[in-house]
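Throughout, read-outs are computed from the coordinates displayed, never taken from laboratory work. Just so we're clear, the structure is a prediction, and the values are computed from it rather than from any experiment. When we count neighbours, we look across all protein chains shown, and the Cβ atoms used for this are built from the backbone with ideal geometry, even at glycine.
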Number of protein chains: 2
Amino acid sequence: MKLHVITDGKRTADELVSILCSIHSQADHIHVREKNRSAKEIYQIVERLIDGGIPPKKLIINDRVDVAHSLGVGGVQLAYHSLGVSEVRKSFPDLQIGKSVHSYQEAVEAEQAGASFLLYGHVYSTMSKEHLKPRGVEELKAIASAVSIPVIAIGGITPEKTSELKNIGVKGIAVMSGIMSAKDPLKAATLYQTNRRKAGSDERKL
Amino acid sequence: MKLHVITDGKRTADELVSILCSIHSQADHIHVREKNRSAKEIYQIVERLIDGGIPPKKLIINDRVDVAHSLGVGGVQLAYHSLGVSEVRKSFPDLQIGKSVHSYQEAVEAEQAGASFLLYGHVYSTMSKEHLKPRGVEELKAIASAVSIPVIAIGGITPEKTSELKNIGVKGIAVMSGIMSAKDPLKAATLYQTNRRKAGSDERKL
């Protein structure tokens with residue numbers, strides 16, 4: 001199980017750099033998802049993350065493919081309003097492409113278009129989507145069986161949910177407020193990592 | 001004198017496509033400057049402009065370097081909040097780079113960083129910047145003498161101003177509301193073109 005940490009767009013640049021540089025060793029990928037920031041601001045933040053010791057390949061930038069390409073980071077996360085997966089695959093062949101999906105149909109199409117991995121959610125109730133009904137695990141399970149690229153679950157994932165997700169074929173979890181809003185983000189990230197390892201070893205025992 | 005037409009972010013996609021496809025033969029460059037639209041929306045509009053017969057090299061996309069690169073258009077226009085000129089020059093060598101500048105210092109720096117042309121303004125009073133004092137032509141004249149890349153003037157430029165600008169070394173004019181908000185955009189664009197030609201011939205007579 002991979003751990004993707006996703007920024008919440010609520011921190012100052014200094015807070016972001018401080019939190020992410022302190023937790024990155026616990027995370028497989030860090031998504032810089034700062035929708036209200038300009039290209040220049042995102043560029044400057046990501047430059048500071050790299051200077052702070054985060055390996056560029058660990059970094060994924062939401063929507064701004066140009067910033068990701070300029071900085072040579074690992075990849076981009078594309079939403080509905082972003083450039084399409086096939087366009088990015090063709091014009092930016094060096095980038096990993098994460099695609100955010102909300103249905104089985106979207107998941108299958110994204111894989112066909114060339115996505116490297118999928119983010120599906122929100123799976124459980126979460127403060128950040130409190131007025132939307134969570135999608136649950138049924139469709140997620142079907143997607144995980146249907147596609148061959150990794151499916152990452154997002155939305156209300158507590159460390160305790162990791163085993164359930166692992167057991168239905170999910171390859172990773174993405175956490176936003178569970179880490180970014182934690183009193184001690186490093187402690188929270190470590191707890192997720194411990195549970196991912198436990199989930200991993202549980203499965204090997206089966 | 002080149003004519004750059006700049007979209008105003010106030011039209012529907014259909015209106016934009018209709019206006020721009022009708023006037024493009026009168027313009028040297030068309031800037032798609034739609035700050036409130038997503039990458040996906042800008043991509044779709046520019047695709048329609050190309051399908052509608054506008055040569056891709058005539059098209060310049062504001063801020064979204066990724067969209068420009070994906071569609072193989074002529075260039076990008078970078079603002080203060082955009083990726084930097086030198087980063088774009090390095091990572092996207094095929095694109096022409098326009099940089100928006102507001103002072104002599106910014107102009108000189110943008111040329112050194114690798115800009116292909118400069119947009120300086122706003123020069124005259126304009127409805128779209130009615131609370132800001134226009135910059136006038138003095139600094140513009142100094143910039144046009146100092147840099148070797150083309151300097152394009154923007155802001156409140158009526159067809160009658162073309163000669164004055166030509167005479168101080170400006171290489172082009174950029175027009176937004178003068179064409180986009182005109183009752184008859186094609187007629188307005190043609191009037192600008194006629195005056196540009198006249199300004200050109202006046203100068204040749206000197």
The distance between the Cα centres of region A:83-101 and region B:91-151, in whole Å, is 34 Å
Per GNM of chain B with C-alpha springs under 10 angstrom, the most fluctuating residue out of B:His69, B:His131, B:His122 is B:His131
Scalar couplings 3J(HN,Hα) for region A:45-62 by Karplus 6.51 cos²θ - 1.76 cosθ + 1.60 (θ = phi - 60°), nearest whole Hz, x for Gly and Pro, are 5, 5, 4, 5, 5, 5, 4, x, x, 7, x, x, 5, 7, 8, 10, 9, 6
at A:Pro55 the sorted inter-copy label distances (label 7 Å from Cα on Cβ side), in nanometres, are 4.7
Per DSSP, the loop-located trypsin sites (Lys or Arg not before Pro) within region A:1-57 having at most 16 other beta carbons within 10 Å are A:Lys10, A:Lys35
Magnitude of the Cβ-charge dipole (Lys and Arg +1, Asp and Glu -1) of chain B about the Cα centre, nearest 20 debye, reported as 420 debye
Interchain or sequence-distant (5+) residues whose placed amide H lies within less than 5 Å of the amide H of B:His31 are B:Val5, B:Ile6, B:Thr7, B:Ile60
Quick calc of log₁₀ I(q)/I(0), chain A, Debye, one scatterer on every Cα, no solvent, q values 0.13, 0.15, 0.17 1/Å, result -0.68, -0.92, -1.20
Quarter of the surface of the C-alpha convex hull for the protein assembly as shown, i.e. direction-averaged projected area in nm², equals 21.9 nm²
Among A:Lys2/B:Lys90; B:Lys57/B:Lys141; A:Lys129/A:Lys183; A:Lys40/A:Lys171; A:Lys10/A:Lys198, the pairs whose Cα-Cα distance exceeds 23 Å are A:Lys2/B:Lys90; B:Lys57/B:Lys141; A:Lys40/A:Lys171; A:Lys10/A:Lys198
Diffing region A:118-126: the Karplus 3J(HN,Hα) column from phi (6.51, -1.76, 1.60, θ = phi - 60°), in whole Hz with x for Gly and Pro, holds 10, 10, 10, x, 8, 7, 10, 4, 9
Taking the axis of the rotation relating chain A to chain B, the A residue whose Cβ comes closest, together with that distance in whole Å, is A:Asp66, 2
Label points for A:Glu130 built 7 Å along Cα→Cβ; distances to same position in the other copies, nm, shortest first, come to 4.2
Shortest first and in nm, the label-point separations between A:Thr190 and its counterparts in the other identical copies (7 Å out along Cα→Cβ) come to 7.5
Expected vector for region A:2-11, Karplus 3J(HN,Hα) from phi with 6.51, -1.76, 1.60 and θ = phi - 60°, integer Hz, x for Gly and Pro, equals 8, 10, 9, 9, 10, 6, 9, x, 10, 9
Charge dipole of region B:2-205 built from unit charges on the beta carbon (Lys, Arg +1; Asp, Glu -1), centred at mean Cα; most positive-end Cα among B:Gly172, B:Ala68, B:Ala79 is B:Gly172
